[in-house]
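The structure appears below as structure tokens.
The values are calculated or read from the model by the stated rules, or taken from the named source; none is laboratory data. For clarity, every value in this text was computed on a predicted model and none was experimentally measured. Cβ: placed from backbone, ideal geometry, glycine included. Neighbour counts: every protein chain shown.
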Amino acid sequence: MPHISYDNKEIAFKLVYCGPGLSGKTTNLARLHTMLAEHVRSKMISLDTAEERTLFFDFCPIEIGTIEGYRVRFNMYTVPGQIYYEASRRLILDGADGVVFVADSQRDRIDDNIISFELMQENLRSYHIDVPDFPLVLQYNKRDCAEALPIGTLEAHLHLANIDVFEAVATEGVGVMETVRCVCRRMVNRFQID
């Protein structure tokens, strides 16, 4: 459920980028940050420890406007991808209103993608989130790699039906904005229905 500030007349949604280590979550967020106009985004904050990094920034998109007179804001987070940071990933997913799962399109990363997705689902369920009805978008990143996984591979392995899927090359900004627009629209629509 998004945070509603009655004093500031603002609705803040939390969007989390998940996926295996080195799939392109950080690259997506960094590229998105540079693509947004300065007046609609905040400064990017990086929470670094010796072992992990989490990025955060928020933005207020002009094209969405307001909901019932409330300004809309999206707080964007990445999670550390490595399996041994499961506790951090779980904490960052707490209160998420939507997720972009960034899959690595390299064929030898299919098991990493599947394990990471299944752990993400477990974490969401632990917060009583019904995954099939949750704003979740799948992004196949690194589409410029040789012999990329065919679209539909992860959906078949994970038994995903009716999930929005995007192809991306985050290092070049390809597919980054389309992905975030879709998941943001789904979060707002779900909030308005509830």
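Worth a mention:
- Residue in segment 92-113 that is farther than 18 Å from Leu29 by Cα, without any contact (Cβ under 8 Å) to a residue 24 or more places away in the chain and not small (Gly, Ala, Ser) present: yes
- Residue list for segment 1-28, restricted to those being in a helix (DSSP H, G or I) and at pLDDT below 90: Thr26
Listed here are the residues, each with its yes/no results for (1) out of contact with any strand residue (DSSP E or B) (no Cβ under 8 Å at 6 or more places or on another chain); (2) outside any loop (DSSP other than H, G, I, E, B); (3) modelled with pLDDT of 95 or more.
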site	(1), (2), (3)
Ile92	no, yes, no
Ala96	no, no, yes
Asp111	yes, yes, yes
Met120	no, yes, yes
Ala156	yes, yes, yes
Asn162	yes, no, no
Phe166	no, yes, yes
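- Positions within segment 136-154 being part of a loop (DSSP other than H, G, I, E, B) and of a type in the set (A, V, I, L, M, F, W, C), in sequence order: Cys145, Ala146, Leu149, Ile151
- When the residues of segment 147-157 are filtered to those that are touching a residue at least 40 places away in the same chain (Cβ under 8 Å) and surrounded by fewer than 17 Cβ atoms within 10 Å (Cβ to Cβ), the one that is farthest from Ser105 (Cα to Cα) is His157.
- With respect to the stated conditions, Phe191 is hydrophobic (A, V, I, L, M, F, W, C) and surrounded by fewer than 19 Cβ atoms within 10 Å (Cβ to Cβ).
- For Val79, the criteria (1) at pLDDT below 95; (2) over 29 Å from Ser5 (Cβ atoms); (3) among the hydrophobic types (A, V, I, L, M, F, W, C) hold in every case but one, which is (2).
- Given (1) under 21 Å from Ala30 (Cα atoms); (2) at pLDDT 95 or above, index of the condition Leu124 fails: (1)
- Residue among Val137, Val180 that alone is crowded, with 17+ Cβ neighbours inside 10 Å, touching a residue at least 12 places away in the same chain (Cβ under 8 Å) and in contact with a Cys (Cβ under 6 Å, 6 or more places away or on another chain): Val137
- In segment 95-129, the residues that are touching a Leu at 6+ places or on another chain (Cβ under 6 Å) and more than 21 Å from Tyr140 (Cβ to Cβ): Asn123
- If you go through segment 138-170 and pick out every residue that is β-branched (Val, Ile, Thr) and under 16 Å from the mean Cα position of the chain (by Cα), you end up with 3.
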